[in-house]
């Protein structure tokens, strides 16, 4: 098993509890935290392997001659790869008699790349799923061995969807291995013309563009939890802008209480309402009610509590 992140844990546990022999865990090496040079908390994959007394290999580069030699000593029939964090070169893949299979959290060829769950939510998709694919040197481009579709709940965050897909993916991997073993796999070759990208997230992806619609910004908040978060700056008169992380939001009605201004007459990013009903901001299409906010350096709070401590006014700008 090759995996590092939490998405791989249910598959790892399912393999360990199956009739198959897992010879080792291959995972990312431990790195010291920058602050005070303290070690980072143990990863969940390492914790599972330690509890089972399983050998752990953690080469900085899995494709070096030494790492490939260590893998060859295990005489693996198959690599099962999920949320690992390194790309396997052809010589490394060739060590496994059957090569490698990878569990990927999208319906390939859609959302090839490191962050398929986040980008599916960001784009407002209503369904996604898992794919088990046979690995090739090209990232997420190999033939599909099994797929399972799931509906996306309109209120689901990236954390919630990842947890659900990880659990479902474990059963899909075991089924795909059984089919490989029995020689009954129905291979589906990906159509490259339908491929879309899901690149690794950057800090700048979290910045709100208020010219987008309220629905699009609400999806961004769901997609980028917990990192990079969705953030904006409150432009304050006579003070430096204050960074605000938007923790939860929902669509608001076009008409509001007396403490409002005409949304059609104000620019996107302008506060439309602030009061007992919360904080409502105009966007490029509709109004967004911000339910939970985290001011820079502070904890997350609901909008009513935030407004009691920060003098936001109707007409203020979020930039």
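Values in this text are rule-based calculations from the coordinates and carry no lab data. From a predicted model like this one, the values you see are computed outputs, not experimental measurements. Counting neighbours? That spans all protein chains shown, and the Cβs are built from the backbone with ideal geometry, glycine included.
Could you compute how fast region 203-318 diffuses translationally, taking Rh as the Kirkwood radius over C-alpha pairs and applying Stokes-Einstein at 10 °C with viscosity 1.306 mPa s? Give it in µm² per second. Can you show the working numbers first?
Numbers: Rh = 13.9 Å.
The estimated diffusion coefficient comes to 114 µm²/s.
With the crude spin-label approximation of a point 7 Å out along Cα→Cβ, what separation in nm comes out for residue 188 versus residue 237?
Going from the residue 188 label point to the residue 237 one covers 5.8 nm.
With all pairs of different alpha carbon atoms counted, what Kirkwood hydrodynamic radius in Å does region 6-194 show?
Radius from the Kirkwood sum: 17.5 Å.
Tell me the mean residue ellipticity at 222 nm calculated for the chain from its helices only (DSSP H runs of n ≥ 4, each -39500 (n - 2.57), averaged over every residue, nearest 500). Can you show the working numbers first?
Details: 8 runs with 79 residues, N = 319.
It comes out at -7000 deg cm²/dmol, rounded to the nearest 500.
Neighbouring Cβ atoms within 10 Å as the yardstick, rank 319, 193 fewest first. Let's see the in-between values first.
Working: 319 11, 193 6.
Least crowded to most crowded, the residues run 193, 319.
Which one, 121, 133, 168, has the greatest fluctuation when you compute a Gaussian network model over the chain with C-alpha springs under 10 angstrom?
Among 121, 133, 168, the largest mean-square fluctuation in the Gaussian network model of the chain belongs to 168.
Using the basic label-point model (7 angstrom from Cα toward the beta carbon), what is the residue 159 to residue 94 distance in nanometres?
Each label point is offset 7 Å from its Cα along the Cβ direction, giving 4.5 nm.
If the elastic network links every pair of Cα atoms under 10 Å, which of 206, 278, 53 fluctuates the most in the Gaussian network model of the chain?
Most flexible of the set in this elastic network: 53.
Kindly put 276, 209 in sequence by how many other C-beta atoms sit within 10 Å of each C-beta, fewest to most.
On the way: 276 10, 209 13.
Arranged by neighbour count, lowest to highest, 276, 209 become 276, 209.
Tell me the label-point distance for the pair residue 304, residue 126, using the 7 Å Cα-to-Cβ offset, in nm and rounded to one decimal.
Reported label-point gap for residue 304 and residue 126 is 3.4 nm.
Would you mind telling me which residue in 42, 152, 101 has the biggest mean-square fluctuation in a Gaussian network model of the chain, where springs connect alpha carbons within a distance under 10 angstrom?
42
Order these by the 10 Å Cβ neighbour count, fewest first: 196, 92, 11. Walk me through the numbers before you get to the answer.
Details: 196 15, 92 23, 11 26.
With the sparsest Cβ surroundings first, the list reads 196, 92, 11.
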